[in-house]
Amino acid sequence: MTDAREAIPDTADASSVTESGGPVPLLDPREGIPPVVADADAFAEIVTRFAAGTGPVAIDAERASGYRYGQRAYLVQLRREGAGSTLIDPVGCPDLSALGAVLADTEWVLHAATQDLPCLAELGMRPTTLFDTELAGRIAGFPRVGLGPMVESVLGLTLEKGHSAVDWSTRPLPEPWLRYAALDVEVLVDLRNALEAELAAQGKLEWALQEFAAIAAAPPAPPRVDPWRRTSGVHKIRRRRQLAAVRELWQLRDKVARERDVSPGRILSDAAIISAATAMPVSATALQALAGFGPRVHRRALEQWMTAIEAARVIPEPQLPPATAPHDGPPPPRSWTDKDPVAAARLSAARAAVSTLAETLNLPQENLVSPEAVRRVSWAPPADPTPEAIASALSALGSRAWQVELVSPVIARAFTESRGTVQPRPAEPRAAESRTAG
């Protein structure tokens, strides 16, 4: 890995890194903390200023995860050469489409872009091109890819990260929080430039550019099917009526949380939902005896949760939720040995081959190729699994060209080598699987 510290910006004295041997604390934005933009006139000035700027634009957003319902942005930070930095309050300026329009042909630099792009899109801001410094770090083989560790290892600077999990819906925002937010975009373009050089030196820049293009072009994620099944601990629930109770409690909690604009976990914990669904209490008194429904829970709230449990109790048997979530892909890999041992052997060989290749290339296995793509092509491979046929299958599953080129030959070879290691069983197990999936 090449030394990218020569890209240290003018916010730090490069000689101090060499003399001390340690990172330089980045304590204040170079132009000071910018004022928070919260009205139309101030926002119009920002649009003009950033339109006149040059080069990439660094963008970050702060949410109130764990405090508020949903993932909306409560602060947006931007920095661009010639425009400086700005902090925008989306509560006062809920429509940032004018800013998005003047930056439409500008490369956006974000860290962990997929986390911030949805809330930025809600404000009317969508990139056409981007550079994701976290993903660049993964592809370059850095062991720690959080913004703080990346800035430290690449630029020799340390960022104060003490306010990452605060309630950003707080108004007014305290000055230390604003300083932290401004610093998050202070050196993001410098980090981008250093990582671009690192990727080019490793021969991986084209790989990263294809990944960035895929993120920028990706459509919004579809709504989750049965989101209640993501309740922590739901795997402990075995009976369908208890699953119905999980669903009813989750949906009621979600409704209350949305109405109050509060994080659902602050209304009722996942552990409390699982506890109630397991016990299926018959009264508010019995419910209050369970973990998560102690004496501090108001009687009216207890009765509210009891309505969800009672609703689950009277659902007709045919309408109870299935024991497992519906899916259109292969069954869980743990069941492959029984359902199709030949497919299990293919998957084992493919996983080992991909793991070895990823280690050779010094990048995470999941960035080399999607584990889901490997599972799907292993469960239902082409009739003649040549490298070309595997390449076509992976492309159809959304793999990028660089991934297909690298992975197809090793998966095809793994499939060939797995032949004859296991005797195939009759096809009845898979037929049974298709019946149960319906």
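The values are calculated or read from the model by the stated rules, or taken from the named source; none is laboratory data. This one's a predicted model, so the numbers in the text were calculated from it and none came from an experiment. Cβ: placed from backbone, ideal geometry, glycine included. Neighbour counts: every protein chain shown. For accessibility, only protein heavy atoms count, side chains too; no ligands or nucleic acids. Shrake-Rupley method; radii C 1.70, N 1.55, O 1.52, S 1.80 Å.
Only one of Ser370, Ser395, Ser408 is hydroxyl-bearing (Ser, Thr, Tyr) and buried (at least 20 other Cβ atoms within 10 Å of the Cβ); which? Residue meeting the stated conditions: Ser408. In the set (1) among the aliphatic types (A, V, I, L, M); (2) part of a helix (DSSP H, G or I); (3) without any contact (Cβ under 8 Å) to a residue 60 or more places away in the chain; (4) in contact with a helix residue (DSSP H, G or I) (Cβ under 6 Å, 6 or more places away or on another chain), the condition left unmet by Ala200 is number (4).
Can Ala61 be described as open to solvent by 20 Å² or more (accessible area, probe 1.4 Å) and either of a type outside the set (D, E, K, R) or at pLDDT 95 or above (or both)? Taking the combined requirement at face value, the residue does not satisfy it.
Return the residue satisfying two criteria in turn: it lies in the range 258-280 and is open to solvent by 10 Å² or more (accessible area, probe 1.4 Å) and free of Cβ contacts under 8 Å to residues at least 24 places away in the same chain, and of such residues it is farthest from Trp305 (Cα to Cα). Among those residues, the one meeting the criterion is Glu259. Just checking, does the range 293-308 include any residue being within 30 Å of Ala208 (Cβ to Cβ) and either part of a loop (DSSP other than H, G, I, E, B) or among the aromatic types (Phe, Trp, Tyr) (or both)? There is no residue in the range 293-308 that is within 30 Å of Ala208 (Cβ to Cβ) and either part of a loop (DSSP other than H, G, I, E, B) or among the aromatic types (Phe, Trp, Tyr) (or both). Per the conditions (1) touching a helix residue (DSSP H, G or I) at 6+ places or on another chain (Cβ under 6 Å); (2) buried (at least 17 other Cβ atoms within 10 Å of the Cβ); (3) within 11 Å of Phe415 (Cα to Cα), the sole criterion not satisfied by Ser348 is (1). Look at (1) assigned to a helix (DSSP H, G or I); (2) in contact (Cβ under 8 Å) with a residue 24 or more places away in the chain; (3) open to solvent by 10 Å² or more (accessible area, probe 1.4 Å); (4) not basic (Lys, Arg) and you find that Ala104 fails only one, number (1).
With the structure loaded, tell me whether Asp95 is surrounded by fewer than 18 Cβ atoms within 10 Å (Cβ to Cβ) and within 19 Å of Thr54 (Cα to Cα) or whether it fails that test. In short, no. Among the residues making up the range 312-335, those that are over 13 Å from Leu243 (Cβ atoms) and either surrounded by 16 or more Cβ atoms within 10 Å (Cβ to Cβ) or among the charged types (D, E, K, R) (or both) are Asp328, Pro330, Pro331, Pro333, Arg334.
The condition of being aromatic (Phe, Trp, Tyr), assigned to a helix (DSSP H, G or I) and at pLDDT 95 or above holds for only one of Trp168, Trp177, that being Trp177. Within the bounds of the range 135-148, is there any residue that is more than 23 Å from Leu209 (Cβ to Cβ), open to solvent by 40 Å² or more (accessible area, probe 1.4 Å) and in contact (Cβ under 8 Å) with a residue 24 or more places away in the chain? The answer is no; no qualifying residue exists. Among the conditions (1) farther than 22 Å from Glu122 by Cβ; (2) loosely packed, with under 14 Cβ neighbours inside 10 Å, the only one that Lys255 does not satisfy is (1). Here Gly162 fulfils each of the conditions (1) open to solvent by 60 Å² or more (accessible area, probe 1.4 Å); (2) assigned to a loop (DSSP other than H, G, I, E, B) apart from (1). The C-beta contact set for the range 149-166 (first residue free of Cβ contacts under 8 Å to residues at least 12 places away in the same chain, second residue surrounded by 15 or more Cβ atoms within 10 Å (Cβ to Cβ), distance under 7 angstrom, 6+ apart or interchain) comprises Ser153/Phe142; Val166/Trp177.
Would you check which residues across the range 231-271 are modelled with pLDDT of 95 or more, assigned to a helix (DSSP H, G or I) and over 28 Å from Thr170 (Cα atoms) and list them? Residues satisfying the conditions are Val234, Arg240, Arg241, Gln242, Leu243, Ala244, Ala245, Val246, Arg247, Glu248, Leu249.
For the range 219-232, give me each residue that is open to solvent by less than 70 Å² (accessible area, probe 1.4 Å), out of contact with any Asp or Glu (no Cβ under 6 Å at 6 or more places or on another chain) and in contact (Cβ under 8 Å) with a residue 40 or more places away in the chain.
Asp226, Arg229
The lone criterion from (1) surrounded by fewer than 18 Cβ atoms within 10 Å (Cβ to Cβ); (2) touching a helix residue (DSSP H, G or I) at 6+ places or on another chain (Cβ under 9 Å); (3) closer than 18 Å to Val246 by Cβ; (4) not β-branched (Val, Ile, Thr) left unmet by Pro295 is number (3). Can you say whether Gln210 is touching a Lys or Arg at 6+ places or on another chain (Cβ under 6 Å) and open to solvent by less than 80 Å² (accessible area, probe 1.4 Å), as far as the supplied structure shows? Here the answer is yes, as Gln210 does meet what is asked.
Being of a type in the set (Asp, Glu), under 27 Å from Val151 (Cα atoms) and either touching a Leu at 6+ places or on another chain (Cβ under 6 Å) or open to solvent by 10 Å² or more (accessible area, probe 1.4 Å) (or both), is that true of even one residue in the range 39-53?
The answer is no, given that none of the residues of the range 39-53 is of a type in the set (Asp, Glu), under 27 Å from Val151 (Cα atoms) and either touching a Leu at 6+ places or on another chain (Cβ under 6 Å) or open to solvent by 10 Å² or more (accessible area, probe 1.4 Å) (or both).
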